[in-house]
Each structure stands twice: as C-alpha cells, then as structure tokens.
1. Count, please, the residues in the range 51-100 that happen to be part of a loop (DSSP other than H, G, I, E, B) and not polar (S, T, N, Q).
2. Give all pairs with beta carbons closer than 8 Å in which a residue from the range 1-29 that is under 19 Å from residue 54 (Cβ atoms) and in a loop (DSSP other than H, G, I, E, B) meets a residue that is at pLDDT 90 or above and polar (S, T, N, Q); count only pairs at least 6 apart in sequence or on separate chains.
3. From 74, 59, grab the single residue that is touching a helix residue (DSSP H, G or I) at 6+ places or on another chain (Cβ under 9 Å) and crowded, with 20+ Cβ neighbours inside 10 Å.
4. Restricting the first residue to the range 71-89 and requiring it to be touching a residue at least 40 places away in the same chain (Cβ under 8 Å) and on the phi > 0 side of the Ramachandran plot, which pairs with a second residue that is of a type in the set (Gly, Ala, Ser) and outside any helix (DSSP H, G or I) meet a Cβ separation below 7 Å and a spacing of at least six or different chains?
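The values are calculated or read from the model by the stated rules, or taken from the named source; none is laboratory data. These numbers were taken from a predicted model, which means no experiment stands behind them. When we count neighbours, we look across all protein chains shown, and the Cβ atoms used for this are built from the backbone with ideal geometry, even at glycine.
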Amino acid sequence: MDSVATGVEERVVRLAEVVEALEAEVLVGRELLDRQAPAAGASDVVSDLLFFGRPGMVLLTGLTRASMIRAGELADVAAVVIVRGKRPEDDAVELARELGMPLRAIASKSAMGGRG
C-alpha cells in the first residue's frame with residue numbers, strides 16, 4: 001500500500017488478526033474473520049466517526065448502544081470493537097447481526113494496555 005503523510009507504511013490486516021491481537025470475543029460475524037481492514041480508528045463520538053472515519057476501517061469504541069452500530073454502517077466500517085471491558089447492549093448485538101456487521105468485545109482492559 002502507499003505510505004501515509006506521516007511516512008508510516010499502511011498494512012491491511014484481516015479481522016482475525018485484530019481479534020487475536022486484542023484478545024477480543026467475537027459476538028457477531030465469526031464467518032467474516034477473513035475480511036480485510038486497511039485502517040483502524042477510535043471514537044466515542046458519532047459525529048467524529050462520520051467525519052473522520054474511513055470505509056473499511058475497524059472502529060474501536062467504548063460506546064455500547066445500537067446508535068454506534070448504525071453509525072458504523074453509515075461510515076462503512078469493516079467491524080466494530082467494543083473496548084474497555086464493556087459489553088454491547090442487546091439491541092446493539094441484534095442490529096449488528098441484522099446488518100451483518102462484525103462485532104467484537106474486549107474482555108479485559110489489559111488487552112488494550114490499560115490497567116485492571
């Protein structure tokens with residue numbers, strides 16, 4: 001891939017690599033682990049995701065509501081990963097399932113380098 005403005009070479013990763021690196025639990029979309037993502041980004045603000053997000057990116061978020069899944073659909077993200085040891089609300093899981101949106105949760109804060 002081309003280098004970005006910072007001079008860092010981009011690397012496309014498979015969702016399976018993201019799951020492994022983050023020790024994430026696959027909640028929806030196990031069959032989509034071979035899907036590729038050219039980027040990742042983090043946001044807890046829907047408007048930031050819609051403005052700064054890139055199609056095909058992996059979204060890391062602490063938001064657990066269905067509204068973030070819907071925003072991920074609008075931004076055309078490859079997957080949503082709920083971070084900080086949080087669990088998505090039931091309606092968010094159901095919406096992800098309906099949309100075919102891969103959804104993961106990180107079981108512990110330590111997988112992201114946090115404490116506890």
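1. So the first thing to find is which residues in the range 51-100 are part of a loop (DSSP other than H, G, I, E, B), and the list is 53-57, 62-65, 75-78, 83-89, 100.
Filter once more, keeping what is not polar (S, T, N, Q): 53-57, 62-63, 65, 75-78, 83-89, 100.
Number of matching residues: 20.
2. 12/36
3. The conditions single out 59.
4. Sorted first by the residue in the range 71-89, then by its partner, the list stays empty.
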